[in-house]
Amino acid sequence: MRETFVLELHNHAFVEINYVSEGAGFQYIEGRTIPVVKGDLFYLPIGASHVFRPASPQKDRNRLIVYNCLMGEAFLRQLVKAFPLGERLSRMLAAEYPEQPWLHLKDRDGTFQLLFNTLMDEYARKGTDFYPLLQAEALRLLVHINRLQHSHQGEEALPGDDFSPSLKEPAADPLDRAIARMRGRPDETPTVAQLAAESGLSERQFRRRFAMRTGMSYTDYVHKMRVEASCNLLRTTTDKIAAIAQQVGYQDIKFFNRLFKSKTGMTPREYRGMERKRLFPLDNKQ
């Protein structure tokens, strides 16, 4: 969902999980104003009031893209029936606000992004037995949130040690193959004409189906995918920023820097500095 200044403060009769996928802005929850950037995640129990706002009212500046996962009472009852949940997680799902507080967590390793990508793909595709898969992925999302909440008592938590979802399963659908190919080599993204031909579709059909599957245009998805890949390289390597830009498909470093900031709310250098402070806190105290 692209957040705007039109939406008003609201609450829901269901559990809501928000994930900031692109841009920067503000989340207003129960009288508090929280700056948000890519990777911020919020767990909102039943009854919590909130609204997102982009950083700027201008449509072409600092757009804010938020993924929403909504779980109604019927879905939660089915989830509890299908999977034996621990007492702590069951209590988190059953309690309403303010008995269950809202949570703000950080996606430090891209796990939440992958989970939301999988949920969106499954929901959009609606393949055979997709509903049990939605339940399973929703449960993984909830378990990970619960782990982070209790590992650091609701503070910004580190990712779980054994929770790393993957999108590497073989894809039978032409669009799945196209997306897997794009993610496998972000620096060699094929053209729409090439992917359409490989999928047996016209370019117009491919663009329409691609937008329905991903929720964005082909070009926007390519930029989003490349920025996600660059975040991983900034976090896990010491390569120069210019080299990372080239590794994900950008020769123009100025364009890459502008794009990265528009998607994450910070420059590549700021992002790397933030991650180093998190990973090596003792070095920053010397």
At pLDDT 90 or above and more than 21 Å from Leu139 (Cα to Cα) - does that describe any residue in the stretch 50-62? yes
Can you give me the ranges of the helices (runs of 4 or more DSSP H) entirely in the stretch 207-284 with at least 3 residues that are of a type in the set (Val, Ile, Thr) and within 24 Å of Met120 (Cα to Cα)? 218-236
Can you work out which of the residues in the stretch 252-282 that are among the hydrophobic types (A, V, I, L, M, F, W, C) and modelled with pLDDT of 95 or more is farthest from Arg235 (Cα to Cα)? Phe255
Checking the condition surrounded by 14 or more Cβ atoms within 10 Å (Cβ to Cβ), modelled with pLDDT of 90 or more and in a helix (DSSP H, G or I), which residue from Gln135, Gln149 passes? Gln135
Could you check the stretch 243-258 and list, in sequence order, the residues that are surrounded by fewer than 19 Cβ atoms within 10 Å (Cβ to Cβ) and closer than 19 Å to Met274 by Cα? Asn257, Arg258
Identify all residues within the stretch 188-201 that are out of contact with any helix residue (DSSP H, G or I) (no Cβ under 6 Å at 6 or more places or on another chain) and not aliphatic (A, V, I, L, M); write none if there are none. Glu188, Pro190, Thr191, Gln194, Glu198, Gly200
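The values are calculated or read from the model by the stated rules, or taken from the named source; none is laboratory data. Nothing here was measured: the structure is a model prediction, and the numbers come from that model. A quick note on method: Cβ atoms are made from the backbone with ideal geometry, for glycine too, and the neighbour counts reach across all protein chains shown.
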